[in-house]
Structure formats: structure tokens, C-alpha cells
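Read the structure below first, then the notes.
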Amino acid sequence: MKANELPFTTDLNGKVAVVTGAGGVLCSLMAKALAACGAKVAVMDLHLGAAQAVVDEIKKDGYIAGAYEANVLKKESLQAAHDKIVAELGPCDILINGAGGNSPKASTTDEFYAPKVSEDTVTFFDLKEEGFEFVFNLNILGTLLTTQVFAADMLGRKGCSVLNISSMNAFTPLTKIPAYSSAKAGVSNFTKWLATHFAKEGIRVNAIAPGFFSSEPEELLGATLFLSDSKAASFITGVVLPIDGGFSAYSGV
Ligand SMILES: NC(=O)c1ccc[n+]([C@@H]2O[C@H](COP(=O)([O-])OP(=O)(O)OC[C@H]3O[C@@H](n4cnc5c(N)ncnc54)[C@H](O)[C@@H]3O)[C@@H](O)[C@H]2O)c1
């Protein structure tokens, strides 16, 4: 992705951006956009191959990035990646907590409760503790641990920010996916808590709440760049910005 393909450009020269889940659909694009605006981008993922593929594309376009393997659920893995990033790119200015997702073990088959009709049906009573635990950990604990490791770089420095990825599920839960919806509601709530907690340190903490982005993830880039830019969004912290094409404004009638 070249700078002229972005909705607008911001000057992120001199900044180091760390993006988790950056081997995935949405955050690979965010990593490319940050790099096209001049940031040195740490493309971090559980799967190094996925991260490396994104870095190869960024470098092909002439921008700066490195691939780093880390599990957002393991602090020692995050710390090891952090130490490499600081040595190779510098301390983190912009953190995007992108690793997240759902699990079929935490989803019901039907929208409304109905008695079990076959072994393949997952009713409310079949939901697995480990499914909920997986989804809560990935979305909430993964955001907490990563922020603990990388926000430490931001203390005492100007123009730093954290961007979490919530979901439109956080406002109104979609049917069938109770763990994902409540975990993302937790991400939104934690975003506001952390924005307050870090207010006197000057570290801004915001979130975006995407709707459904299987096909047009480019529409997240304007909000990502705006909220990550310490000049454009200098007085904006603790917001959860819906990016849903008006979905939440429509009453259904
Ligand atoms: N796609 C959507 O429509 C949508 C909508 C709302 C919110 N979101 C959120 O946006 C974020 C990105 O979603 P996506 O659609 O790009 O997902 P994706 O599955 O394409 O990418 C997620 C990436 O995270 C990585 N990952 C998974 N577990 C990890 C771990 N423990 N440590 C490090 N990395 C790990 C995966 O390897 C993958 O590359 C997620 O938080 C998701 O919940 C997505």
C-alpha cells in the first residue's frame, strides 16, 4: 500500500508503531497504512510467517517494518519481542492491540433457545467454559498484557497512544456469540479505564469498533490514522469509535 492509496496521510516519521494480530485481515492493512505514513512498524503475530509476508509487502513499497513473533497471552513472549523491537526499531510510540477473535466453542447454534435436537446443536447449556475462557483471554487479557509491556515505553515521552480493537458487538450483542460480544464490551470498558489511568502521563487510549469487515477493511484506515496521530487527535482519549456504515443508527424500520 502506497501513501497515495490512503484516505489521507499523516506524518508519522520518527514514530515506532507496534501492531499485534498484524498477520491478519484488518491489522495487516493498518500496519501497511502506518508504514506508508512514515512510521517504523513492528508487525507482530502468533505466526511469524504471516507477519513476515506483511513486512515483505511493506518493504517492497519502500517503507520500514520488521516481523516479530509473539503470543499476546504470554508476557515473557511479549517481553522478548519488545526487547528485539526496541533494539531494532526503537521504543514504542503507537500500540495497536489487534489480536482478537471468537471461538466456535463459545457460540450457540441458534439465535433463540430451543431444546437440543441433535448432537451437532450447541444450546446455551452446551457452551464450554474453555470456549469462554479462550475468547475472554484472547481479547481482554491479550490487550492487558501487551499494553503492560509496550506502554512502559511511553512513560515520560510525548505523543504516544494505544488503540484497541473493540467491535459493534460491544454496544449491542449479536446473537449466538455471547463470549465475543461480552469480551469486546470488556475491551471498550477497559479502554476508558486505561484512558483515565494514563491521562496524567499524556498517553491517549482509544478504541475503534468495526462492524463487519470481511470485504472492505480499507474503511478502517481513516479512523486508525486519525486516532493514532498525536497532533490530529491530541485531545481525544477514552473514545470507542463505531465504524459501522450506520448499522447502529438504523432502528430496523
Ligand atoms: N473482521 C471483522 O469484521 C471484525 C469486526 C470487529 C472487530 N474485529 C476485531 O478486529 C481484530 C482483527 O480481526 P481480523 O478480522 O483481522 O482477524 P484475523 O483472524 O484475520 O487476524 C487475527 C490475527 O491475530 C493473530 N493472533 C491470534 N491469536 C494470537 C495470539 N494469541 N497472539 C498473537 N497474535 C494472535 C492471528 O494469527 C491472526 O493473524 C480482532 O480483534 C477482531 O476481534 C474484526
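The values are calculated or read from the model by the stated rules, or taken from the named source; none is laboratory data. Note that this is a predicted model, so its numbers are computed, not measured. FYI the Cβ positions are ideal-geometry reconstructions off the backbone, even for glycines, and counts take in every protein chain you see. We work out accessible area using only protein heavy atoms, side chains counted, and drop any ligands, DNA or RNA first. Shrake-Rupley method; radii C 1.70, N 1.55, O 1.52, S 1.80 Å.
Return the only residue of Val205, Val240 being within 14 Å of the ligand (Cβ to nearest atom), farther than 21 Å from Phe8 by Cβ and either in contact (Cβ under 8 Å) with a residue 40 or more places away in the chain or open to solvent by less than 40 Å² (accessible area, probe 1.4 Å) (or both).
Just a single option satisfies the conditions, and that option is Val240.
I need every pair where a residue in the range 12-37 that is within 28 Å of Asn102 (Cβ to Cβ) and open to solvent by 10 Å² or more (accessible area, probe 1.4 Å) has its Cβ under 7 Å from the Cβ of a residue that is more than 11 Å from the ligand (Cβ to nearest atom) and not hydrophobic (A, V, I, L, M, F, W, C), sequence separation at least 6 or different chains.
Leu29/Glu218; Lys32/Glu57
Out of (1) among the small types (Gly, Ala, Ser); (2) modelled with pLDDT of 95 or more; (3) open to solvent by less than 40 Å² (accessible area, probe 1.4 Å), the odd one out for Ser103 is which?
For Ser103, the exception is condition (2).
From the list Ala33, Ala22, Ala17, exactly one residue is outside any helix (DSSP H, G or I), within 19 Å of the chain's Cα centre (by Cα) and away from the ligand (no atom under 12 Å from the Cβ). Which is it?
Exactly one residue qualifies, and that residue is Ala17.
Residue by residue through the range 182-200, note down the ones that are in contact (Cβ under 8 Å) with a residue 40 or more places away in the chain and open to solvent by 90 Å² or more (accessible area, probe 1.4 Å).
Lys192, Thr196
On the basis of being open to solvent by 10 Å² or more (accessible area, probe 1.4 Å), free of Cβ contacts under 8 Å to residues at least 60 places away in the same chain, within 16 Å of the chain's Cα centre (by Cα) and over 24 Å from Thr123 (Cα atoms), does Leu155 make the cut?
No, not satisfied.
Which of the numbered conditions does Val253 fail, given that it passes all the others? Conditions: (1) open to solvent by 60 Å² or more (accessible area, probe 1.4 Å); (2) touching a strand residue (DSSP E or B) at 6+ places or on another chain (Cβ under 9 Å); (3) not in a helix (DSSP H, G or I).
Result: Val253 passes all but (2).
Which one of these does Arg157 not meet: (1) within 16 Å of the ligand (Cβ to nearest atom); (2) farther than 13 Å from Ala207 by Cα?
(1)
Filtering the range 210-228 down to residues that are in a loop (DSSP other than H, G, I, E, B) and either exposed (fewer than 14 other Cβ atoms within 10 Å of the Cβ) or in contact with a Cys (Cβ under 8 Å, 6 or more places away or on another chain) (or both), which residue is modelled with the highest pLDDT?
Here the answer is Glu216.
Can you tell me which condition Asn4 does not meet? The list is (1) away from the ligand (no atom under 13 Å from the Cβ); (2) at positive phi; (3) not hydrophobic (A, V, I, L, M, F, W, C), and all the others hold.
Of the numbered conditions (1) away from the ligand (no atom under 13 Å from the Cβ); (2) at positive phi; (3) not hydrophobic (A, V, I, L, M, F, W, C), the odd one out for Asn4 is (2).
In the range 55-76, how many are part of a helix (DSSP H, G or I) and either near the ligand (Cβ under 7 Å from one of its atoms) or open to solvent by less than 10 Å² (accessible area, probe 1.4 Å) (or both)?
Selection size over the range 55-76: 2.
Do we find that Ser103 is touching a Gly at 6+ places or on another chain (Cβ under 6 Å) and within 15 Å of the ligand (Cβ to nearest atom) in this structure?
So Ser103 passes the test.
Name the single residue that is most open to solvent (accessible area, probe 1.4 Å) among those in the range 77-95 being of a type in the set (Val, Ile, Thr) and out of contact with any helix residue (DSSP H, G or I) (no Cβ under 6 Å at 6 or more places or on another chain).
Looking at residues that are of a type in the set (Val, Ile, Thr) and out of contact with any helix residue (DSSP H, G or I) (no Cβ under 6 Å at 6 or more places or on another chain), I get Val86.
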